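Single-structure report; data block below.
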Protein chains: 4
Amino acid sequence: VKIGFVGLGRMGTGIAWRLVGAGHELVVYNRTSEKAKPFADKGVKTAESAREAAQGADALITMLADDAAVEASVLGDGGALGALGARGVHVSMSTISPDLSRRLARAHREAKERYVAAPVVGRPQAAEEGELVLVVAGDPDAVGDMKVVFDAAGKETHVVGEEPEQANAVKLAVNLFLAVILEALGEAYALGEGYGIDDRLLLAILNGAVLKSPVIDGYGKLIADNRFEPAGFRLDLGAKDVRLAVEAAERKIVPMPIVSVLRDRFVAAQALGNSGQDWSIVGRVSTDRRVNAGT
Amino acid sequence: VKIGFVGLGRMGTGIAWRLVGAGHELVVYNRTSEKAKPFADKGVKTAESAREAAQGADALITMLADDAAVEASVLGDGGALGALGARGVHVSMSTISPDLSRRLARAHREAKERYVAAPVVGRPQAAEEGELVLVVAGDPDAVGDMKVVFDAAGKETHVVGEEPEQANAVKLAVNLFLAVILEALGEAYALGEGYGIDDRLLLAILNGAVLKSPVIDGYGKLIADNRFEPAGFRLDLGAKDVRLAVEAAERKIVPMPIVSVLRDRFVAAQALGNSGQDWSIVGRVSTDRRVNAGT
Amino acid sequence: VKIGFVGLGRMGTGIAWRLVGAGHELVVYNRTSEKAKPFADKGVKTAESAREAAQGADALITMLADDAAVEASVLGDGGALGALGARGVHVSMSTISPDLSRRLARAHREAKERYVAAPVVGRPQAAEEGELVLVVAGDPDAVGDMKVVFDAAGKETHVVGEEPEQANAVKLAVNLFLAVILEALGEAYALGEGYGIDDRLLLAILNGAVLKSPVIDGYGKLIADNRFEPAGFRLDLGAKDVRLAVEAAERKIVPMPIVSVLRDRFVAAQALGNSGQDWSIVGRVSTDRRVNAGT
Amino acid sequence: VKIGFVGLGRMGTGIAWRLVGAGHELVVYNRTSEKAKPFADKGVKTAESAREAAQGADALITMLADDAAVEASVLGDGGALGALGARGVHVSMSTISPDLSRRLARAHREAKERYVAAPVVGRPQAAEEGELVLVVAGDPDAVGDMKVVFDAAGKETHVVGEEPEQANAVKLAVNLFLAVILEALGEAYALGEGYGIDDRLLLAILNGAVLKSPVIDGYGKLIADNRFEPAGFRLDLGAKDVRLAVEAAERKIVPMPIVSVLRDRFVAAQALGNSGQDWSIVGRVSTDRRVNAGT
């Protein structure tokens, strides 16, 4: 499949290499061109713009940081909209708002293109190893046509509906759940510490004996050991996702009492200057006591 | 070991049978005597009071619903305090406040008795099957002497410190974490439902592909299927534990932003008349939208 | 002063009549034209678009419901931007986000026009009676030139800075404070009711003996008497303002723990179907108990 | 009236002098005796215990810091219970839990004594000046008999019911409302500061032009000026009242979403070491940003 690939951050780079490895023909583009250089060095074509990458392609994959970046690349002046080849599909893998996904779907429809949302679940390392989970929604035909791409990009694909925004909502639900767990770990640790309990010991009981989740184990250790660099997933991106989740819920008039408070904790964590740290740091600054102790 | 056993609710009954099965000599007592009948039928001795059960025993095990019940049974008029045999140990398995645990420790010390807190983690069925996890704290000698009892009562014992209240704090931290998960499941489901995503499908991705925790899977299914009866753990008991966690944190001046809101959600869930349902119902009433939809 | 006036809702209508009464020359416009009819009947000029109203005017006043309406009227296709006369000033009285205010300021600057934010505090009746308070920010010259307009529109003008967005931030701060008071009244009443205390009696002590605020007295009575219709200020507009306040704070990385929860309560109140009621109803649905009691 | 007066903190001292000034015959007692010395110097009788102060009196007034102090003075070993003269009335002016008030009512009834709750609203200076507001509940006869005492102690008396705990619930509702206002001021200021708005300017609009409450004005200035010493009302006492309010609500299964978060903010403010400052400091530490800025 001929694929235009836009966005070579850590996740995008990992996925793009998987696709190259699976024999797909890629044209890659990144706003800052040095990220594209390793691809050029290996003979992968590079483009000067998102539009150029999409030109005549069967698929345009976007894997960008936020709504603004996706909107600019596709809908903005000189964006990729309308450049795809016949029966081309825009596969949006970024974690964006359901609202933007809906607008993208409409714009592509009007441009006689197809659009599928396929946000991914997993850390950058999982991307490199082909261990990502894809959450997919969109027109069944387009989804079917892209199956070969999904299979190359990750190890598991869940089709959750025919409206693209549904996949984005699921992705936000997953991320808000993880975010709640980070904060809950922080508060449980804080209570334990108040009684002289070591974080690691508490984690051994909480997860080792009860929850038995490798993800909780991993985050629990990061927080216990104050290991927030290098960031697997940056706090400011996590904060963005929690905000998107709250806004997506509000659009459907769904209250979110816990997540609303969580959102504020992420703002507080950013206000303390941690935007570039791993998002698990929210579990460390979750309580003012620790904030105070740490300064 | 000669054991006085006080409290034959579902958890207590399961543990007591395990101890009987391991060959220990039990004298059981329950406030309402019909709960003791099955034991009497099998030739286990029964007592007319907690004090009588404790009389001359090597160990007094209490497994009661809350602080008030434990306080009445041990410290109240005609309570068990002072009745144990030489080097007797009160093993408190109930989920009580660290504050009461500290007071029990002091009272037993003054009565020349020993006291160990050993709250258990697990559902009633796990108790019957010997699958409980014990969280233990207290004087190392007393803990050592009770090892044979712990081994019979559960499959795993974590000694977390020498101050009994530490074990109670750990138990509360575990329960508050589980409670947060119930609410987080509810809010994630609510967001998903707003976009037409089935709860079970969301759970399959959230837990099946990401968290991989059997406990989250179990609770996620209870909430998805609205299966809140029979209660594995009653909402009112869960509400009590969340309240105890907040109070235990406050005693150490530890803020708990998320758990403070969660506590209020449990009150809200009780206000809706669900006290006798499984505590996972908090995930179903977590958002007013559903509350409204359901009435 | 020659004034184009866009937006004839209750607030806008009240202000427009004050300006007419003060002898200013108005051209009014409203999206649904029947709102303009009373003005036409009295000989006030009407326009077919916001742009036409602004054409050649000294001042363009916009008083619209939300960001989207203001953006469409000014920045959209056929919007008023660039239509003002020499040294014309756009006076934005709507309660909009500081973010939009900043974008409007920039757009007008680029179009060689001037822009002042002048959101108003007060209910529609206050508008009719000239009792509004104006919160103004912008270039001092432009503010000075508009003084005669401000004096006609309200009884009091507070100039809070030279960046227009500052006035919008102050307006949001005022509205979030009022919104907190509505919720706080609701929770205080709920506690009192739990102990058999009549809302009115509690209000007599709380406000009559302690706070002595006519505004709290007014809202306290609305809530006590369940008098939410007709709406002085609709719940959905109030919800919008609380949301804007949270977003405006997030832009400056300012945590808002209480207001974040409040925002969720407004969503919950809307989810119960109260969007068209007076926003004080949030004090009545603030607790699930009452929600339940009412259904 | 012959009055035993227990508790000579700032509030108690102010009230006691008012009663002396009104010609009542007092016997005063304070746990640390130096507080009683100024009374002895002026010829007022002093006692060595709460019981001695109550001995044969028509009224026993208690004005103590918290539940524990009142419980110890009245119900504890050597407490005042049962010492009053015929038809004697215990007038409990402390801010205590409705729960303790109910227990006191029962204990006095069993001891053939009468009990009235009469918590006061106002700052210490108001006590000295006879400007307190009394919130009273209890048996109408007892309330009637004490009218002369209430009239001497404050300027205004509100009888809210026949169950003493009702007065305590009203007092807690008043204090939680004030506490919410402190936090709301803090968050409104924080938003304003984010946009370069001076706190005092915001207060001038918020209260001066809108709310017009002398109490909000006073607290708003304390927070704006960071004037938290000397404490008119200590943070730790305020934190206690918010906690009592949450617990009183929980006893009646009343959710309190905002106040639950507020309670956590008070814990956070205490964790930062401000327990002895004026409780309005909660408005200054309400947001982590300021906490950070201040450290």
Can you work out the FRET efficiency for the pair B:Lys42 and B:Val148, with r the C-beta to C-beta distance and R0 = 22 Å, to the nearest 0.05? 0.55
Need the C-alpha centroid separation for region B:76-107 versus region D:107-149, integer Å. 40
Taking every DSSP bridge whose two residues both lie in region C:115-263, the antiparallel percent to the nearest 5 is 45
In nm, one decimal, shortest first: how far is the label point of D:Gly78 (7 Å from Cα along Cα to beta carbon) from the matching points in the other copies? 3.2, 8.8, 8.9
FRET efficiency for C:Lys221 and D:Arg106, using Cβ-Cβ distance with R0 set to 30 Å, rounded to 0.05: 0.25
What are the GluC sites (Glu not before Pro) within region B:1-73 that DSSP puts in a loop, where the Cβ has at most 16 other Cβ atoms within 10 Å? B:Glu48
For B:Val159, the residues 5 or more places away or on another chain with a placed amide H closer than 5 Å to its own amide H are B:Val136
Antiparallel DSSP bridges in the protein assembly as shown: what percent, to the nearest 5? 15
Could you tell me which of A:Val159, A:Ile216, A:Ala184 has its Cα farthest along the dipole of region A:159-217 towards the positive end, charges placed at Cβ (Lys, Arg +1; Asp, Glu -1), taken about the Cα centre? A:Ile216
Once you list every other residue whose beta carbon is under 9 Å from the beta carbon of B:Thr95, what net charge do they have if Lys and Arg are +1 and Asp and Glu are -1? 0
Compute the Cα gyration tensor for the protein assembly as shown, then decide on rounded, prolate or oblate, letting a ≥ b ≥ c be the square roots of its eigenvalues: rounded whenever a/c is under 1.5, prolate when a/b is larger than b/c in the other cases, and oblate in all that remain. oblate
Taking the label point 7 Å from Cα along the Cα-Cβ vector, the copy-to-copy distances for B:Ala111, listed from shortest in nm with one decimal, are 2.8, 7.9, 8.3
Mind pulling the angle between the C-alpha long axis of helix D:235-251 and the longest principal axis of chain D? Nearest 10 degrees, somewhere in 0 to 90. 80
Net charge contributed by nearby residues that have their C-beta within less than 9 Å of C:Ala127 (K/R +1, D/E -1): 0
In region B:85-164, what percentage of the DSSP-assigned beta bridges are antiparallel, given to the nearest 5? 30
Sorted from shortest, what are the nm distances separating the label point of B:Asp151 from equivalent points in the other copies, each placed 7 Å from Cα along Cα to C-beta? 5.5, 7.9, 9.5
Which whole-number percentage describes the relative contact order of chain B, with Cα contacts under 8 Å and a sequence gap of 6 or more? 14
When the Cα centres of region D:211-271 and region D:1-39 are compared, how far apart do they sit, in Å? 28
In this model, which of A:Lys112/A:Lys147; A:Lys221/A:Lys252; C:Lys221/D:Lys212; C:Lys42/C:Lys240; C:Lys37/C:Lys240; C:Lys212/D:Lys240 are farther than 27 Å apart at the alpha-carbon? A:Lys221/A:Lys252; C:Lys42/C:Lys240; C:Lys37/C:Lys240
Specify the angular offset, from 0 to 90 degrees and rounded to the nearest 10, of the alpha carbon long axis of helix A:164-194 from the longest principal axis of the alpha carbons in chain A. 20
So who's got an amide H within less than 5 Å of the one on A:Val27, skipping anything under 5 residues away but keeping other chains? H placed 1.01 Å off N, in plane. A:Ile3, A:Gly4, A:Phe5
Output row, site D:Thr32, 7 Å Cα→C-beta label point, backbone N cut-off 16 Å, window region D:44-69, residues D:64-66, D:69
Around B:Val20 (Cβ within 11 Å, Cβ-to-Cβ, excluding B:Val20; K/R +1, D/E -1) the net charge comes to +2
Helix axis angle, B:257-271 relative to chain B longest principal axis, alpha carbon, degrees: 90
Taking the Cα centre of chain D as origin and charging only Cβ (+1 Lys, Arg; -1 Asp, Glu), how large is the dipole, in debye to the nearest 20? 140
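The numbers here are math on the coordinates, done by the rules we state, and not lab data. Since we're looking at a predicted model, the values are computed, not measured. Note that each Cβ is placed from the backbone with ideal geometry, even for glycine, and that neighbours are counted across all protein chains shown.
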